[in-house]
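Written out below as structure tokens is the structure these notes cover.
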Amino acid sequence: MKKNSVFISIFFFQKVYNAPEIYNSKMGYNRLADMWSAGIVLFAALSGSLPYDEKSYSRAREIVRDKNTLFANPRWTRVSKEAIDLLSKQLLVIQVDARGKPSVS
């Protein structure tokens, strides 16, 4: 087995990166699920941690809806409002059909 295939099998299928609708609806996978995953990666890059872990995955929707708690870590004070808005208003959005749409400010 190649090293790359080991990496994929270990990291690719972690629930933390998968959008909630993949497991909880008939929609399954689509490009909007990728936007959720990109949001998780961006969140981790900006904060140094994931918004939730494997153990709390079943509460992902609840955790992401609570923006005050989601961005409570003092690290977020050094992150631009635009980056936080991108995460909270376009990428980590529970309502699938609203994900990725520009918000009106």
Taking segment 58-89 and keeping only residues that are without any contact (Cβ under 8 Å) to a residue 12 or more places away in the chain and among the small types (Gly, Ala, Ser), one is left with Ser58, Ala72, Ser80
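Of the residues Arg78, Arg59, which is closer than 19 Å to Gln14 by Cβ and either of a type in the set (D, E, K, R) or buried (at least 17 other Cβ atoms within 10 Å of the Cβ) (or both)? Before the answer, list the steps.
Numbers: Arg78 fails: closer than 19 Å to Gln14 by Cβ.
The match here is Arg59.
Taken together, the values in this text are just the output of simple stated rules run on the coordinates, not laboratory data. Here the structure is a predicted model, which means the values were calculated and not measured. Virtual Cβ from ideal backbone geometry, glycine too; neighbours counted across all protein chains shown.
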